[in-house]
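S.K.: Pasting in a structure now, in structure tokens, and then I'll have a few things to ask.
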Amino acid sequence: MSSAPKVNKSEDEWRAVLNKEQFRVLRQKGTERPGTGEYDKHHEEGVYHCAGCDAPLYKSTTKFNSGCGWPAFFDAVPGAVVRHEDNSLFMKRIEITCAACGGHLGHVFKGEGFSTPTDERHCVNSVSLKFTNE
């Protein structure tokens, strides 16, 4: 899978294609409540795409049960996710966004001791994703 082409839309264009919750999370860096997303306990084989621009982000083979209340992945499709330092909420975190459209996905955490190949947890909002059986 290769990186998706860049997607640039105005705020009004995003509002026209995203529902209210998708817009709040993807474009305004919101967070869905833990345990409420449709993909937290989803375990089918396929690919998780950006709900904003349809770029492939995560393969189901990298998804794991972290118990955090959000879908967790130990790695992204190469080139699909960009990391940014996030100093909001009086703490230092690493925000992850879609490389194609800049949509907010969630945060990545390292060194939590999960037995995954990367020792990372990409904690992703379900509303930022859409799943396909590819």
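S.K.: If I96 satisfies all but one of (1) in contact with a strand residue (DSSP E or B) (Cβ under 8 Å, 6 or more places away or on another chain); (2) under 18 Å from E44 (Cβ atoms); (3) of a type in the set (V, I, T), what's the number of the condition it fails?
M.R.: (2)
S.K.: In the stretch 84-109, how many are over 17 Å from P56 (Cβ atoms) and in contact with a Ser or Thr (Cβ under 8 Å, 6 or more places away or on another chain)?
M.R.: The qualifying residues number 2.
S.K.: Can I ask one more? Quick one: in the stretch 89-134, of everything that is of a type in the set (S, T, N, Q) and at pLDDT below 95, which residue is farthest from D54 (Cα to Cα)? Give the derivation first.
M.R.: Step one: of the stretch 89-134, the residues of a type in the set (S, T, N, Q) are 97, 115-116, 118, 125-126, 128, 132-133.
Narrowing further to those that are at pLDDT below 95: 115-116, 133.
Values: S115: 30, T116: 26, N133: 14 Å.
Looking at the filtered set, the residue picked out is S115.
S.K.: Moving to a separate point now. Please specify each residue of the stretch 119-134 satisfying the condition of being surrounded by 14 or more Cβ atoms within 10 Å (Cβ to Cβ), over 9 Å from the mean Cα position of the chain (by Cα) and closer than 15 Å to F64 by Cβ.
M.R.: Filtering the stretch 119-134 for residues surrounded by 14 or more Cβ atoms within 10 Å (Cβ to Cβ) gives 120-131.
Still in the list and also over 9 Å from the mean Cα position of the chain (by Cα): 120-121, 130-131.
Passing the criteria: E120, R121.
Each row is one residue, and each column tells you yes or no for (1) in contact (Cβ under 8 Å) with a residue 40 or more places away in the chain; (2) on the phi < 0 side of the Ramachandran plot; (3) acidic (D, E).
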| site | (1), (2), (3) |
| --- | --- |
| H49 | yes, yes, no |
| L57 | yes, yes, no |
| C68 | yes, yes, no |
| G79 | yes, no, no |
| E85 | no, yes, yes |
| T97 | no, yes, no |
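S.K.: Additional query: Quick one: which strands (runs of 3 or more DSSP E) lie wholly within the stretch 35-117 and hold at least 1 residues that are among the basic types (K, R) and either within 15 Å of the chain's Cα centre (by Cα) or surrounded by fewer than 17 Cβ atoms within 10 Å (Cβ to Cβ) (or both)?
M.R.: It comes to 56-59, 81-86, 93-98, 104-110.
The values are calculated or read from the model by the stated rules, or taken from the named source; none is laboratory data. Note that the coordinates shown come from a computational prediction; the quantities given were computed from them, not determined experimentally. As a convention, Cβ positions derive from the backbone with ideal geometry for all residues, glycine included, and neighbour counts pool all protein chains shown.
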